[in-house]
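Here's the structure we're looking at; comments come further down.
We did not get these values from a lab; they are worked out from the coordinates using the rules stated. Everything quoted here is computed from the prediction, not taken from an experiment. Every residue, glycine as well, gets a Cβ built from its backbone with ideal geometry; the counts of neighbours run over all protein chains shown.
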Amino acid sequence: MHVRAVDIVKTFTASSSRPALDGVSLDVKSGELMGLLGPSGSGKTTLLRIIAGLDIPDSGSIFFGGEDASQKSVQERRVGFVFQNYALFKHLTIADNIAFGLEVRSRELRPPKAEIRRRALELLDLVQLTGLEKRRPAQLSGGQRQRVALARALAVEPRVLLLDEPFGALDAKVRRDLRGWLREIHQRTGHTTTFVTHDQDEALELSDRVAVLNGGRIEQVGTPDEIYDQPATPFVNGFIGEATPIEAHIEAGYVYIGAHQLRIESKAGTSGKGRLFVRPQDIVIGDSQPDSLQAQIVAVRRNGATRRAEIEIPAHAGRVEIETHSSVSVRAGDSVPIQFVRGTFFLDGEGAPA
Amino acid sequence: MSETLADWAEARPVTIEGRTKAHVKTRSPVTGEGPVLAGVLIAIAVIFLLLFLVLPLAVVFYEAFAKGVGAYFSALSTPDARSAIWLTLTVAAIAVPLNILFGLAAAWAIAKFRFPGKSFLITLIDLPFSVSPVVAGLIYVLLFGAQGLLGPWLKAHDIEIIFAVPGIVLATVFVTFPFVARELIALMEDQGTGDEEVALSLGATGFTAFLRVTLPNIKWALLYGVLLCNARAMGEFGAVSVVSGHIRGKTNTMPLHVEILYNEYNVAAAFAVASLLALLALVTLVLKTVLESRFGDELPGKSRRH
Amino acid sequence: MSLVSQRNSILPGFGLTLGYTLLYLGAIVLLPLAALVLRASSLGLSGIWQIAMEPRTFAALRTSFSLALAAAGINVVFGGIVAWVLSRYEFPGRRLLDAAVDLPFALPTAVAGIALAAIYAPNGWIGVWLAPLGWKIAYTPLGIVVALVFIGLPFIVRTVQPVIAELNLDLEEASATLGATRYQTLSRVILPTLTPALLTGFALAFARGVGEYGSVIFVAGNLPYVSEIAPLLIIVKLEEFNYAGATAIATVMLGASFFILLAINLIQAWSRRRLGYV
């Protein structure tokens, strides 16, 4: 089911005058696994809840396929929603939790008892919890509860699956296991899926495409590669991975730091001041070449297979962190030639300030 | 996916965005009832509370002044009324401090130390709440009454307890027994022993630590317990009724005086005395509400109120 | 006991405070209760049974227990609604009504009793409107129920309110996303979650109702076999110097309160085991 959000605006009266969502549009293609990524307060959960019908937008529409779902109640939308803290019904057994969505259907639509039970057990198998149907939520671990919550959401044969911080409440080891498992389930069931996360690794690893939200707006929608390698805005550049902004300007399509011309081209414009975002891997220490810049190494520390160095370069006030292979020997106090191999340049005033 | 990428995923604090308190009371499309049902529910609740709580209170004050302000004050200034008021104040002035002392001792022993049988002891302390007031009075009659276990001995030594003030005090102490203790035990168990241990390590004596560290920590909960204890002590009817003997001017407390006046069809006077007790209840409620709203975090959890 | 325990804390005063606690508890509560138990044991179980089965005593016990049960039942319904509305809705006067819920705890029972009589007597504020319809509340068992509803209300509301406050809205939203109507959510999700608290409140209100005296006697009419409650009969027996009779009734009532106390503990243990919370 192709899901579209069109021009969604939502203001919570209680909070500040800034809207929680400020004209957001998003397309989730049929069968796609879409990650909504952003810092807290960016509006990602609100967007998810509006798609589900749990919040009502001030304006804008939600389409499920060709159908305008905006006027439909939560119950009518038939979404599978997995809550951050799972929201399992503690007074019901695991099997009854999963069967809940089928049990509450009106008599004409409700499958017979035996069929409901069969489907509940089948879903329990799918989420690899076979045999736990008689337990209650209080007797399960966090990871197991998460699986039950997913099975319960899948039981209603949802048109779209929505997950709010699906792994947020779990410890690191369990999160890692569940990620791969969720990906697998998605491949097997093929549900159109949208999930919210504040964890960029989670978003990049799981999603077919990622939508990065900030301050109630979508900054960029793209595949994980696009998001990481071609960030569309300074915010995305700063939020995804590590990046240091360096004051720079462009002339004739080339980026300059101070008077020094880099080998980096920019399509941002023909001339003007701005910032160059560089990741630790974007600067290499090498032999002196015509376009090399002389940098002062301030501090070095070992980081697994790599070495991290903090350097100071002329015409830039702060320090820049770079990553080198551990075989490259650098010491604090050295003055070394560096080259910029990559970087993303943004003109001042372009995009939302990071 | 790659191990390294997964390795980078460290646990971060969970923020629940867009789910702040503002959500809770504003009507979200699914967490509230429809306007009709909501209206019906609110109407039922409000009418029920008005009928069962507000109306009786209003009646007390209305009936108290039904025969005019003059009648009201003359009802309060009869010698019998005055002696009833005096006895009620006296009884409360003895019973409440006794239970404060007990509450402090019990809370110190129970909350600051571990020992076997602790939860059983707490159950015993709560016991008077489960005993009917009339039964509470009865047990003292069975112990100290003329035909009671200690009756002959007391008579031989010319000590009067039943049908006298000591009996009234004892019955009052019994029915108000747990009020202070249960507030303090609950709070001090939450607070633990850390503050006192710091005080001792800084050279304070045990008593100084109690006075300068414990007491300031528990003062609002203590006041809260005292408030409830006092309200019950001044208002107790059943238990006191059994042991008092209803001797006018001698063993009549205010609630008993209300009963006597009422049974004599002196309704306005009965309500006049009752209005004083109702006023006490109102003051208690106001102070209690203030304590809960201002110092709620210095009171134990609000789930077990009697 | 105290020697072992004192070692687990560096704080002083354990022996003194525990000693005082036990002494005071013994003198005020345990010794007098022992006097009752001693009396009761001299009657023997069959003696108590015999007295309790005397028609008038049996009628009084039946009146107290059945009407307390009825009042607690009424309170579960209306107290439950009151707790829900006070927790979930904002309306003018809400805070005032919320504070007023504790009135029955604070108002002396005798005052409540005469006030209820003034309201429900045939010439009373409400009674005067009901009399022409042939309805009588005061001086009938109905009057007792009204008084017990008044007395029991805060037990239900104050037990249920904190549980409603802790209710996770996610549960209701989850239920809705799974297709449940609001009615289904209320009956299948919220009510079962509140059940332990409602049961506990019911038991507390019931226990209080069985033993209640002050607020009841003014509206009850106190007619033997009809509207005479057990606590009143204890007093009647005492005035007749029938200590055995008073003791027997008191023993039955005390037994009932222990039974209810036990029931409350079982409810809470069950709830903890099943739902992971009380």
Where Lys and Arg each count +1 and Asp and Glu each count -1, what net charge lies around C:Val226 among other residues with Cβ under 14 Å from its Cβ? +2
Other chains' Cβ within 10 Å of A:48-61 residues: what's the mean? 3
If one computes the Cα centroid of region B:261-290 and of region C:231-257, what distance in Å separates the two points? 29 Å
Just how large is the dipole of region A:184-333 about the Cα centre, in debye to the nearest 20, putting +1 at every Lys and Arg Cβ and -1 at every Asp and Glu Cβ? 360 debye
In the protein assembly as shown, what percentage of the DSSP-assigned beta bridges are antiparallel, given to the nearest 5? 75 percent
Exactly which trypsin sites (Lys or Arg not before Pro) in region A:33-107 are in a DSSP loop and have at most 11 other Cβ atoms within 10 Å? A:Arg107
What distance in nm separates the simple spin-label points at B:Gln147 and C:Ser46, each placed 7 Å from Cα in the Cβ direction? 2.2 nm
Pop a pseudo-label 7 angstrom from the Cα along the beta-carbon direction at both A:Glu242 and B:Ala58 and give the gap in nm to one decimal. 7.2 nm
Longest principal axis of chain A (C-alpha) makes with the long axis of helix A:94-103 (C-alpha) an angle, in degrees to the nearest 10, of 70 degrees
Beta bridges by DSSP in chain A, antiparallel share as percent, to the nearest 5: 75 percent
To the nearest 0.05, the calculated FRET efficiency linking A:His325 and A:Gln230 through their beta-carbon distance, R0 being 25 Å, is 0.50
Under the Karplus relation with 6.51, -1.76 and 1.60 and θ = phi - 60°, whole-Hz ³J(HN,Hα) for region A:177-193, x at Gly and Pro, equal 5, 5, 4, x, 5, 5, 4, 5, 4, 4, 5, 6, 9, x, 5, 5, 10
From the residues B:Phe179, B:Gly238, B:Gly203, which one has its Cα farthest along the dipole of chain B in the positive direction, the dipole being from +1 and -1 charges on Cβ of Lys/Arg and Asp/Glu about the Cα centre? B:Gly238
Could you list the residues of region B:215-251 with an amide nitrogen less than 11 Å from a label point located 7 Å from the Cα of B:Thr78 in the Cα-to-C-beta direction? B:249
Could you please report the charge total around B:Asp195, scoring K, R as +1 and D, E as -1 over all other residues with beta-carbon less than 11 angstrom from its beta-carbon? 0
Per-peptide average of other Cβ atoms within 10 Å, ordering B:281-291, C:58-68, C:164-174, A:202-212 highest first: A:202-212, C:58-68, C:164-174, B:281-291
If you average the alpha carbon positions of region A:157-196 and of region C:30-104, how far apart do those two centres end up, in angstrom? 52 Å
Here region C:32-43 yields Karplus 3J(HN,Hα) values (6.51, -1.76, 1.60; θ = phi - 60°; whole Hz; Gly and Pro given as x) of x, 5, 5, 4, 5, 4, 4, 4, 5, 5, 6, 6
Any aspartates and glutamates with Cα under 16 Å of the A:Lys113 Cα? List them, leaving off those in the same chain fewer than 8 positions away. A:Asp96, A:Glu103, A:Glu122, A:Glu133
Selection from A:Pro39, B:Leu222, B:Gly145, by position along the positive dipole direction of the protein assembly as shown (Cβ): B:Gly145
Got a sec? Charge dipole of chain C, +1 on Cβ for Lys and Arg, -1 for Asp and Glu; which of C:Ala112, C:Leu261, C:Val236 is way out at the positive end? C:Leu261
Evaluate the distance, in nm, between pseudo-label points positioned 7 Å from the Cα of A:Phe63 and of A:Ser271 along their respective Cα→Cβ axes. 4.5 nm
Using a 10 Å cut-off around each Cβ of peptide C:179-192, what is the average number of partner chain Cβ atoms that fall inside? 5
On full extension of the chain, what length is gained from A:Arg18 through A:Thr130, given 0.36 nm per residue of separation minus the C-alpha to C-alpha distance? 35.6 nm
Normalise the Cα radius of gyration of chain A by 2.2 N^0.38 Å (N = residues in it) and let me know the number. 1.21
Which of A:Thr45, B:Thr251, A:Thr93 has the fewest Cβ neighbours within 10 Å, and the rest in rising order: A:Thr93, B:Thr251, A:Thr45
To the nearest Å, what is the center-to-center distance of region A:220-273 and region C:142-207, using C-alpha atoms only? 59 Å
Residue-averaged beta-carbon neighbours from other chains (10 angstrom radius) around C:94-101: 5
Taking R0 as 30 Å, what FRET efficiency do you get between A:Ala172 and A:Val341 from their Cβ-Cβ distance, rounded to the nearest 0.05? 0.40
Global form of chain C, assessed from the alpha-carbon gyration tensor, a/c cut-off 1.5: oblate
Give the residue list of chymotrypsin sites (Phe, Trp or Tyr not before Pro) in region B:213-294 that are DSSP loop and have at most 13 other beta-carbon atoms within 10 angstrom. B:Tyr265
Which of C:Met53, B:Met234 has the fewest Cβ neighbours within 10 Å, and the rest in rising order: C:Met53, B:Met234
Cleavage-rule hits, chymotrypsin sites (Phe, Trp or Tyr not before Pro), region B:29-134, DSSP coil, Cβ neighbours within 10 Å at most 16: B:Phe65
Decide, for chain B, between rounded, prolate and oblate: order the square roots of the alpha carbon gyration tensor eigenvalues as a ≥ b ≥ c, take rounded if a/c falls under 1.5, and otherwise choose prolate if a/b is larger than b/c, else oblate. oblate
How big is the Kirkwood radius of the protein assembly as shown, worked out from every pair of different alpha carbons and given in Å to one decimal? 33.0 Å
Stretched out fully, how many nm does the piece from B:Asn217 to B:Phe295 gain, at 0.36 nm a residue minus the Cα gap? 27.0 nm
Rounded if a/c is under 1.5, else prolate if a/b beats b/c, else oblate: with a ≥ b ≥ c from the C-alpha gyration tensor eigenvalues square-rooted, which is region A:34-154? oblate
Size of the dipole of region C:45-275 about the Cα centre, Lys and Arg at +1 and Asp and Glu at -1 on the beta carbon, nothing else charged, in debye to 20? 300 debye
Using the crude model of +1 on Lys and Arg Cβ and -1 on Asp and Glu Cβ, and no other charge, please compute the dipole size for region A:3-231 relative to its Cα centre, in debye to 20. 1140 debye
